[in-house]
Amino acid sequence: MSNNKYFFSTEPLKALVLMALMFNSLSLTAQELSLEKAIELAHQSDPWIKGSYQKEQANIAQSIAAGQLPDPVISLGLANMPLDSLNFNQEPMTQLMAGVSQVFPRGQTLELQRQKLEDISRQHPFMRQDRYAKVKLTVTQLWLDLYESQESIRLIENDRSLFEYLVEVAEVSYSSAFGRSRQQDLVRAQLELTRIEDRLTVLDKKRSETQEKLAEWLYDTGAHWQEMGVSQILPEIELKSIHEAINNQVQYEAPDFTDHPMIRSLDQQIMASETNIVLTKQKYKPQFGINASYGFRDDAPGGQDRSDLFSVGISFDLPIFTEKRQDKEVEAAVSSKEALKTDKTLALRAMNARFNEASERLSWLEKRQKLYSDRLLKEMNDQAEASLNAYTNDDGDFAEVVRARIAELNANIDYLNINVDRLKTIAALNYFSSSSEYMTSINGKQHD
């Protein structure tokens with residue numbers, strides 16, 4: 001059996017793995033997309049940010065216009081013209097008239113209209129800060145999804161060479177007079193190789209779909225990374241809001257959600273709704289208007305001088321039937337404010353629940369990560385090596401060799417998934433930790 005052992009030596013396996021790793025290292029180029037670069041490009045190419053600035057400027061311009069008096073009204077007319085002769089100087093009351101009138105809105109309506117639109121305009125910086133954080137989170141998760149698919153393919157490609165070698169070993173052993181492989185060993189090895197091909201096909205489809213989703217955020221940035229994919233270096237994302245408990249168990253302290261840009265945006269909407277209530281109450285007050293006119297009269301037919309005429313007046317309405325108009329408008333304004341306060345309460349509740357869920361998930365993932373790195377991966381590798389050594393020494397089963405290799409591959413992919421999920425969870429926790437104070441400087445850079 002000494003000759004037979006030559007075919008089952010582990011040296012070719014190690015050589016194939018080394019060649020695969022060398023090949024993968026050569027594929028790293030400058031065209032690969034890093035996570036930091038992806039986030040930067042997504043922020044630069046986000047049209048929503050530009051639209052937000054335009055909306056803010058529109059609200060500011062509207063607030064200035066809303067605080068101004070209505071335009072005065074000029075009137076020109078011919079009064080009391082006799083129809084029998086159409087003679088301008090026949091009757092003493094015939095005159096050419098020119099007048100001007102000005103309406104003064106109710107109470108503090110102008111100032112409150114201006115204030116309301118200013119309050120609305122102030123929500124846009126917070127909305128941009130929230131958008132910035134959401135884009136960062138979305139691009140981070142898409143980048144990590146793409147990295148996960150890419151690296152899963154790489155791990156399976158590396159192991160495919162091992163299974164191809166096992167197929168060759170089974171074929172040689174089966175055809176050799178001294179070989180002890182059975183036909184079912186050959187079929188099993190080929191079957192697992194086919195399954196690997198299927199897994200690669202599924203992962204390649206997932207990678208392509210994720211690339212398209214990520215490319216949507218990098219549209220028209222001039223980045224050409226699709227052919228090479230993302231970088232093969234998994235970045236470390238720093239987690240905010242951590243404190244160490246006394247019992248050495250890491251816990252994650254919830255941030256002040258009331259300072260989150262999304263909540264601050266809702267606060268501005270509530271502030272605008274409060275101003276709107278005061279504005280609506282102005283409708284209980286009368287609206288005043290003044291008018292003045294000048295009338296030119298011609299001299300009498302006998303040459304007698306006629307004095308020109310000047311008129312001035314004031315007008316105002318009487319909002320005395322308020323039950324079905326003003327009262328209902330105030331009621332609607334108050335209800336709108338309460339609805340916005342409810343939206344804020346729901347948003348805070350949802351953020352708190354999602355943060356707690358993510359923090360619990362992170363704790364669970366870090367426990368699994370430690371278990372895999374400290375024990376499970378090594379034990380899986382030892383099992384695979386032991387099963388192969390046993391088989392090459394006529395003391396093992398070929399099916400067990402295949403199962404051990406598959407288990408090791410699955411463990412490596414699971415460990416990859418754990419690492420990726422951990423970073424995605426950290427990114428989600430960091431989104432909840434975004435504060436308006438922290439994001440203000442970023443928002444200013446975006447504006448520049």
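Laboratory data are not the source of any read-out in this text; all were calculated from the coordinates shown. Computed from a prediction, not measured in an experiment: that's the story for all the values here. Note that each Cβ is placed from the backbone with ideal geometry, even for glycine, and that neighbours are counted across all protein chains shown.
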Cα-only Debye scattering, segment 302-355: base-10 log of I(q)/I(0) at q = 0.22 Å⁻¹:
-0.90
Note: GLU164 to ARG349 extended length (0.36 nm per residue) minus current alpha-carbon separation gives 61.2 nm
Determine the dipole magnitude for segment 293-368: charges of +1 sit on the beta-carbon of Lys and Arg, -1 on that of Asp and Glu, nothing else is charged, the reference point is the Cα centre, and the result goes in debye to the nearest 20.
1000
Enter the Cα centre distance for the pair segment 90-159 and segment 258-330, rounded to the nearest angstrom.
29
With just the Cα atoms defining each centre, how far is segment 358-398 from segment 44-59? Give it in Å.
51
Let me check the size of segment 249-386 from its C-alpha atoms; what are the radius of gyration and Dmax in Å?
36.3, 135
Under 23 Å from the Cα of LYS213, which lysines turn up, not counting those fewer than eight places away in the same chain?
LYS37, LYS50, LYS134, LYS136, LYS205, LYS424
For segment 285-407, averaging the sequence separation of alpha carbon pairs under 8 Å that lie six or more residues apart and dividing by its residue count, the contact order in percent is 15
Relative contact order of segment 64-166, pairs being alpha-carbon contacts under 8 Å that are 6 or more residues apart, as %
24
Expected unfolding gain across SER34-ALA98 under the 0.36 nm per residue rule, minus the alpha-carbon gap, is 15.7 nm
